[in-house]
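Nothing in this text is a laboratory measurement; each read-out follows from the coordinates by a stated rule. Because the structure is predicted, anything quoted here is derived from the model rather than measured. Cβ coordinates were reconstructed from backbone atoms using ideal geometry, including for glycine residues, and neighbour counts include every protein chain displayed.
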Amino acid sequence: MDLLLKKKKILVTGGSKGIGLACATVLASEGADIIISSRTAHNLEIAGKRAGGHKGELHLFQADVSVKEDVEALGEFVKSRFGYLDGLIINSGGPPLGSAMSHTDEEWITAVNTLLLSAVRLTRVFVPNMQERKFGRIINISSTGVKQPIQGLVLSNSIRQAAGAYLKTLSAEVAKDNVFINSLLPGSTDTERLLSLHEAIAGNTGKSVDEVISIRKSSIPAGKFGDPSDLAGLAAFLLSERNGYITGQSISVDGGLVSFPL
């Protein structure tokens, strides 16, 4: 199926590795013009090489989406290169592990800036123009923790849920303008972030990393971790014109991990 993404202008934040990079790579292979942003120049340089073979334009921009001024600068960069956006993937690094009452105020504020205010600021910058052009597609990369809280990830569970509620509210306000907003909720996906979590769990429990991995896989009906590309293909469809009626949804991509009543 042709997703009609050729020459579509799409920004992927946190796109230098993991799920973000997988999304950028798939979109580029479909002929979209891509801007990848990341906090780290070194990671951006590597991402530019790994996303090679793209059919459209590829631009790299160093920005920390938890910082208001960086988001504004990113908006100016997009305007100078593309003039507008057709699509936006909101993605950022996950906050540290910790139990419900273990984090300081400063850690909570940092997580709010990274996971919630980044979404508020990015949509504030890019959505008005999408409304004027009567086309826009936005994907928020979240976590299954918003549906079924994950032990030891209270910052992620709490603040990603708030970001999802904000974007759900916004989706209803802009749907009439053909601006569709959805959240994707990855489960255990084979990334550097997942490995770091397993290492932290192993250190806290006295188990080996292999034991932790085995236990985690056994809890997933599919019996394995996801690959970033599993989510990237769905993201590409939702960002395309082929998606003509899906908005305001939170879709799990988790191998059946999240349980729900029939």
With no solvent and one equal point scatterer placed on each C-alpha of segment 198-262, evaluate the Debye formula and give log10 I(q)/I(0) for q = 0.14, 0.18, 0.29 Å⁻¹, two decimals.
-0.61, -0.83, -1.17
I need the phi-derived Karplus couplings for segment 245-258: 6.51 cos²θ - 1.76 cosθ + 1.60, θ = phi - 60°, integer Hz, Gly and Pro marked x.
7, 10, 8, x, 9, 10, 10, 7, 10, 9, x, x, 4, 6
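DSSP H helices in the chain with Cα extent of 27 Å or more along the helix axis and mean Kyte-Doolittle hydropathy at least -1.0? Kindly include the intermediate steps, with their values, before the conclusion.
On the way: long enough: 154-174 (30 Å, 0.37).
Qualifying helices, which must be both long enough and hydrophobic enough, are 154-174.
What's the lysine pair count for segment 73-211 at a Cα cut-off below 20 Å, pairs eight or more apart or interchain?
On the way: Lys79/Lys134; Lys134/Lys168; Lys134/Lys176; Lys147/Lys168; Lys168/Lys176.
Lysine pair count for segment 73-211: 5.
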Taking the mean number of other Cβ atoms within 10 Å as a proxy for protection, how do you rank 225-234, 102-111, 35-44 from highest to lowest?
35-44, 225-234, 102-111
What does the helix-only formula give at 222 nm for the chain: each DSSP H stretch with n ≥ 4 adding -39500 (n - 2.57), the total divided by the residues, and the result rounded to the nearest 500 deg cm²/dmol?
-14000 deg cm²/dmol
Please report how far the C-alpha centroid of segment 54-97 lies from that of segment 179-247, rounded to the nearest whole angstrom.
22 Å
Evaluate the distance, in nm, between pseudo-label points positioned 7 Å from the Cα of Met1 and of Met101 along their respective Cα→Cβ axes.
4.9 nm
Could you rank the peptides 131-141, 164-174, 23-33 by their average count of other C-beta atoms within 10 Å per residue, with the highest value first?
23-33, 131-141, 164-174
Please compute the Kirkwood hydrodynamic radius of segment 108-223 from all pairs of different C-alpha atoms, in Å with one decimal.
16.0 Å
